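Report on the following structure.
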Amino acid sequence: MSTPAWAWIQFLACAALIGAAGSQLSRYGDAIAQHTGLSGSWIGLTLVASVTSLPELATGITSVTIAQAPNLAVGNALGSCVLNLAFLVLIDLIYRHEPVWSRASRGHVLAAAFGVVLLGFLLIGLLIAHLTPASSASASPQASAWGVGLMTPFMLVLYMIAMRTVFVYERAHPPPEVASSDSSAAQKPGLRQAIMRFALAASVVVGAGLWLPFAAVDLATAMGWNRSFVGSLFVAMATTLPELAVTLSALRLGALDMAIGNLLGSNLFNVTIVAVDDLFYRPGVLLADVSLVHAVTASSAIVMTGLAVVGLFFRPRDRVLRAVGSVSVGLAMVYLLNTYVVFLHGA
């Protein structure tokens, strides 16, 4: 049995590798976008958001195959969703030029709306899976003909539809281009070099993601915590470090919409990861073999996304205690409530 100190060392080492590689992903992803002439917002929503979610994908697949920890996989994916939405509070706190909700583009509502629909499908699948006592895919009516949950095919197809719809919208409503200085352009690596370094950073992220579930299981055992809580909080924090790195880098560049688009795009991918995990989970239907407490996290993500949509449409300019807007306060309260409930009732 691992000691608490060794468990923390493993976990923090994974987090450090993911965070360092994540910052490189954003840098070389931006270089690839410039060399290929692809839309920066489209690269942020698809390539960058998908690659920054590689830790969740690698951790989820490893959790349901080798580590046999389904609660860790689902908790990580959904925990990453609520944490990404909590990062919007951080953006609002850091971005001092004007209230973030009055500055952000309304186009983010489309990605947020698809996120709500995907989360809704996942929540329905989770509740259906727990309506019957049978948990195996062969004996339960919630299983499809392919041995996966009924909602899994719908979630995979919906993700593709979401990407296509957002692409069409972005092409019809291109964001204003931000001119880059000659010095910054000169520092950009060539296309081949950018692709090689991007692939190297991605491999580091995947490697750390494969190691992370084992470190998390050791941490949960050593500390006496439930795996749902560890997955929803600690593993989610580690696997969302690339998103945080990209977000902070974008804010330093003044690219507010890129920062928000990356977070919402990552959430679309994170929810879809649960469907992918279900494809790899062979003992049965994934959502039937996890704790019902994940329904609280999914519901929290839906509420938080709804609050973000309200902020993007209503565009409030208020700041509570001159710090963040009232929408951000609501996001923080829902996140803290979700963390408390999962800690108390997780499995």
The condition from (1) modelled with pLDDT under 95; (2) of a type in the set (D, E, K, R); (3) within 19 Å of G149 (Cα to Cα) that D277 misses is numbered (1)
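Please tell me if R282 is surrounded by fewer than 24 Cβ atoms within 10 Å (Cβ to Cβ), in contact with a helix residue (DSSP H, G or I) (Cβ under 9 Å, 6 or more places away or on another chain) and within 27 Å of V206 (Cα to Cα).
Numbers: surrounded by fewer than 24 Cβ atoms within 10 Å (Cβ to Cβ): yes; in contact with a helix residue (DSSP H, G or I) (Cβ under 9 Å, 6 or more places away or on another chain): yes; within 27 Å of V206 (Cα to Cα): yes.
It is true that R282 is surrounded by fewer than 24 Cβ atoms within 10 Å (Cβ to Cβ), in contact with a helix residue (DSSP H, G or I) (Cβ under 9 Å, 6 or more places away or on another chain) and within 27 Å of V206 (Cα to Cα).
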Answer yes or no: is there a residue in region 256-270 that is surrounded by fewer than 24 Cβ atoms within 10 Å (Cβ to Cβ) and in contact with a Gly (Cβ under 7 Å, 6 or more places away or on another chain). no
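Give the residues of region 236-255 that are of a type in the set (A, V, I, L, M, F, W, C), crowded, with 19+ Cβ neighbours inside 10 Å and out of contact with any Cys (no Cβ under 9 Å at 6 or more places or on another chain), sorted by residue number. Don't jump to the end; show me each part of the working.
To start, the set of residues in region 236-255 that are of a type in the set (A, V, I, L, M, F, W, C) comprises 236-238, 241, 244-246, 248, 250-251, 253, 255.
So of that shortlist, the ones also crowded, with 19+ Cβ neighbours inside 10 Å come out as 236, 238, 241, 244-246, 250, 255.
Once the filter is applied, which keeps residues that are of a type in the set (A, V, I, L, M, F, W, C), crowded, with 19+ Cβ neighbours inside 10 Å and out of contact with any Cys (no Cβ under 9 Å at 6 or more places or on another chain), region 236-255 yields L241, L244, A245, V246, A250, A255.
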Single condition G190 does not satisfy, out of (1) at pLDDT below 85; (2) under 30 Å from A7 (Cβ atoms): (2)
Sort out which residues of region 283-308 are β-branched (V, I, T) and under 17 Å from L85 (Cα atoms), and write them in order of number. V296, T297, I302, V303, T305
Looking only at region 46-76, which residues are surrounded by fewer than 24 Cβ atoms within 10 Å (Cβ to Cβ) and among the hydroxyl-bearing types (S, T, Y)? T46, S50, T62, T65
Tally up the residues in region 122-141 that are at pLDDT 90 or above and more than 30 Å from the chain's Cα centre (by Cα), please. 0
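The values are calculated or read from the model by the stated rules, or taken from the named source; none is laboratory data. If you're wondering where the values come from, they're calculated on a predicted model, not measured in any experiment. A quick note on method: Cβ atoms are made from the backbone with ideal geometry, for glycine too, and the neighbour counts reach across all protein chains shown.
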